[in-house]
Amino acid sequence: MTADLITLTAAQMAEKLAAGEITSVELTQAHLDRIAAVDGAVHAFLHVNAEEALAVAAEVDAARAAGESMHRLAGVPIAIKDLIVTVGQPTTAGSRILEGWMSPYDATVVEKIRAAKLPILGKTNLDEFAMGSSTEHSAFGDTHNPWDLDRIPGGSGGGSAAAVAAFEAPLALGTDTGGSIRQPAAVTGTVGVKPTYGGVSRYGAIAMASSLDQIGPVARTVEDAALLHELIGGHDPRDSTSLADPVAAFAAAASAAAVDGSVEGLRIGVVTELQGEGYQAGVLDRFHESLDLLREAGAEIVEVSCPHFQYALGAYYLIMPSEVSSNLAKFDGVRYGLRTLPTEGPMTIERVMAATRAAGFGDEAKRRIILGTYALSAGYYDAYYGSAQKVRTLVQRDFDAAFEQADILISPTAPTTAFRLGEKTDDPLAMYLNDVATIPANLAGVPGLSLPSGLATEDGLPAGIQLLAPAREDERLYRAGAALERLLVRRWGGPLLEKAPDLLSARDDASLTTTGGEK
C-alpha cells in the first residue's frame, strides 16, 4: 500500500484525497515511512517534521469529512529547501554559521503552503547558501543521487530533487540562482521550474544573489510543477521585485497538454551556443531524439543564435559573487547565528567577526565572498562588475531577438549526466561549467523548465532537456513542457522514474543509516 501511494503523482494524490479513497494521514505517514527507510542512504533531508506534518494531515482529513472546501493540493505532502525560512523548524542554509537557527517568521511561499494545508515533511539539504552544483558543499554532509548513490544529485537544490526522485516527497520547493532547480532536476530524472523573475515572492528566501534568485517547484511531472507554481505564485508587497501580474492557469494549461496537447505549428528554437563541445554524447543523443519527436508531431524546429551566451558564464561568476559578498555580510557573529570568539589577542568586534566567519563558512562560500569583494573593490568595479552587467544586457537582447524567431527555446539542461561524488570538488571551474546552459535564463529573468529527456547510453543515468520562454510567459512553458513530456513518456512506455533502481535493494541495511543532519 505504501509503495502504491508514494509513486502516485501529486495530481493523482489530490484526486484520491478529494474522492475520499485515501486520507492525508495515510499519505503523509507513507512518505515519512519512506524517508525512514531510504534517507539514510540518500540524505535528502536535514530535518524531518513528522509531528507537525501528521497534525496538519489530520486537520485536512477532519475538514474534508466536515464538507469544508479545500485547496486542490490540501493534504499532499511537500518538502522545503533549507534556504527558505520556516517557523518551527531549523533553517540552516546548509551552513554551520546558521546551525540550529529558528526563524521567527515564515517565507511568503511557506505561508501559502500552510494556508493551503500541505503537510510539510521537512527541510532539504543544499550546497551552503545555495553555492554549488552538486550538494557536496553542505556543512551537514553530501546528498546522494537515488539513481546511483555514488553520484551527485545536482545542486544547489540536490536535496529537494533527490527527495522527489526517491519518492520521499511528491513535491518540493527549491531556489534557482543559476540553475539550482533545473540542473538537479536534469540529473535526477525529475521536473524543475525557474519561474519568471518576480513571479514568485522571494520574501523569506535567504538571499545569495538577489537579482538572480528565484523560488520554484520541483516535481515528478510538468502538471504537478504547474499545480505547485500556481499555489506559490502571485504578487507580494513585501518583495520589492514581485510582479503585479495575476497568476495564470498553469495547471489547466499543463493538464490539457498532457492529455491531448498539440505542438502543431509551435516554433521551437534550438540554441546553437547551448550544445556541441563539452556536452556528453548521450545527453546530446537524447536531446536530438526529443527534437525528432517534436518535429514528427508538427513543431517547427529552427536554429537560433544567441552569440553573447558564450560570455554568460563569466558574467554570472562576477555578478553573483558580488551580490554574495553584500548579502552574506550580515552573518557577522553579532546579531544572530554562530558566534566564535578569537583565541588570541584583544576581543574586538572585528576579531569576533573574523573568527566567526572562518569557523562558520565553508570553502566555497569563502571563495565566492572573496571573489565578489574583489570585483566590487575600488579600481576594479567598472572593469569587472560593471562589464559583467553590460554582458547581462547583451544576453537579454539575445533572448529578445531569439523569441522573435521562436515561441520556445530548447537546449540540454546540463552538459553531462550526474558525475561521481568527489570528482570535481577540487576543481571549482569544472564545477561551474555544469551551469553553462541554465545561467542565461537567470541573467535575463526569463522562465525555464527542465524535464527528463531519457537515459544516456554511456551510464544509464537521466539526462534533461530545458525549455525557455519569454518573461511572463510561464503558461506557454507549461503547455510546451507537458506536450513534450507526453511524447517522451509514450516513447519510454511509462514515466522515466519507473526505470530507476530500487533504493531498498541498492545498499545493505548497514548503509541505510543517517549520514548527517538532524532527523
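The values are calculated or read from the model by the stated rules, or taken from the named source; none is laboratory data. Nothing here was measured: the structure is a model prediction, and the numbers come from that model. A quick note on method: Cβ atoms are made from the backbone with ideal geometry, for glycine too, and the neighbour counts reach across all protein chains shown.
On the stretch given as segment 133-164, residues that are more than 15 Å from residue 186 (Cβ to Cβ) and within 11 Å of the chain's Cα centre (by Cα) total 1. Only one entry in 69, 24, 95 is free of Cβ contacts under 8 Å to residues at least 12 places away in the same chain and either crowded, with 17+ Cβ neighbours inside 10 Å or over 25 Å from the mean Cα position of the chain (by Cα) (or both), namely 69.
Of all residues in segment 27-54, exactly one satisfies the criterion of being polar (S, T, N, Q) and without any contact (Cβ under 8 Å) to a residue 60 or more places away in the chain, namely 29.
Filtered by the rule that a residue be closer than 25 Å to residue 487 by Cα, of a type in the set (Ser, Thr, Tyr) and in a loop (DSSP other than H, G, I, E, B), segment 271-322 gives a lone residue, 279. For the condition crowded, with 22+ Cβ neighbours inside 10 Å and of a type in the set (Asp, Glu), residue 423 does not qualify. The lone criterion from (1) over 22 Å from residue 207 (Cβ atoms); (2) exposed (fewer than 12 other Cβ atoms within 10 Å of the Cβ) left unmet by residue 335 is number (1). Just one of the numbered conditions (1) polar (S, T, N, Q); (2) more than 16 Å from residue 318 (Cα to Cα); (3) surrounded by fewer than 20 Cβ atoms within 10 Å (Cβ to Cβ) is not true of residue 413: (3). Collect the residues in segment 181-225 that are out of contact with any Ser or Thr (no Cβ under 6 Å at 6 or more places or on another chain), of a type in the set (D, E, K, R) and not in a loop (DSSP other than H, G, I, E, B), keeping them in residue-number order. Result: 194, single match. In segment 170-180, the qualifying residues are those that are among the polar types (S, T, N, Q) and assigned to a loop (DSSP other than H, G, I, E, B), and the one that is surrounded by the fewest Cβ atoms within 10 Å (Cβ to Cβ) is 177. Scanning segment 426-447 for residues that are buried (at least 20 other Cβ atoms within 10 Å of the Cβ) and closer than 12 Å to residue 312 by Cα turns up 435, 436, 437, 438, 439, 440, 441, 442, 443, 444. Please tell me if residue 61 is touching a strand residue (DSSP E or B) at 6+ places or on another chain (Cβ under 6 Å) and among the acidic types (Asp, Glu). Criteria not met by residue 61.
Yes or no: residue 469 within 16 Å of residue 189 (Cα to Cα) and either more than 20 Å from the chain's Cα centre (by Cα) or among the hydrophobic types (A, V, I, L, M, F, W, C) (or both)? The answer is no for residue 469. Considering (1) assigned to a loop (DSSP other than H, G, I, E, B); (2) on the phi > 0 side of the Ramachandran plot, the lone condition that residue 457 does not fulfil carries the number (2). Could you check segment 344-373 and list, in sequence order, the residues that are free of Cβ contacts under 8 Å to residues at least 12 places away in the same chain and not aliphatic (A, V, I, L, M)? Within segment 344-373, 344, 345, 346, 348, 350, 351, 366 qualify. The lone criterion from (1) among the small types (Gly, Ala, Ser); (2) more than 26 Å from residue 459 (Cα to Cα); (3) at pLDDT 95 or above; (4) surrounded by 21 or more Cβ atoms within 10 Å (Cβ to Cβ) left unmet by residue 290 is number (2).
Can you pull out the residues in segment 374-399 that are without any contact (Cβ under 8 Å) to a residue 40 or more places away in the chain and acidic (Asp, Glu)? The one that is without any contact (Cβ under 8 Å) to a residue 40 or more places away in the chain and acidic (Asp, Glu): 382.
Every condition in (1) modelled with pLDDT under 95; (2) part of a loop (DSSP other than H, G, I, E, B); (3) aliphatic (A, V, I, L, M) is met by residue 471 except one, and the failing one is (1). When the residues of segment 128-157 are filtered to those that are in contact with a strand residue (DSSP E or B) (Cβ under 8 Å, 6 or more places away or on another chain), not polar (S, T, N, Q) and not in a loop (DSSP other than H, G, I, E, B), the one that is surrounded by the fewest Cβ atoms within 10 Å (Cβ to Cβ) is 151. Quick test for you: out of 351, 357, 335, pick the one residue that is out of contact with any helix residue (DSSP H, G or I) (no Cβ under 8 Å at 6 or more places or on another chain) and assigned to a helix (DSSP H, G or I). Going through 351, 357, 335 in turn, just one is out of contact with any helix residue (DSSP H, G or I) (no Cβ under 8 Å at 6 or more places or on another chain) and assigned to a helix (DSSP H, G or I): 351. Per the listing 233, 174, 192, the residue uniquely over 30 Å from residue 373 (Cα atoms), under 10 Å from the mean Cα position of the chain (by Cα) and not β-branched (Val, Ile, Thr) is 192. What are the residues in segment 242-270 that are closer than 16 Å to residue 406 by Cα and assigned to a loop (DSSP other than H, G, I, E, B), if any? Of everything in segment 242-270, those that are closer than 16 Å to residue 406 by Cα and assigned to a loop (DSSP other than H, G, I, E, B) turn out to be 263, 264, 265, 266. If you take the residues in segment 117-132 that are among the aliphatic types (A, V, I, L, M) and closer than 20 Å to residue 30 by Cα, which one is farthest from the chain's Cα centre (by Cα)? Among those that are among the aliphatic types (A, V, I, L, M) and closer than 20 Å to residue 30 by Cα, it is 118. In segment 47-70, the residue that is nearest to residue 13 (Cα to Cα) out of those that are outside any helix (DSSP H, G or I) and either in contact with a helix residue (DSSP H, G or I) (Cβ under 7 Å, 6 or more places away or on another chain) or of a type in the set (Phe, Trp, Tyr) (or both) is 70.
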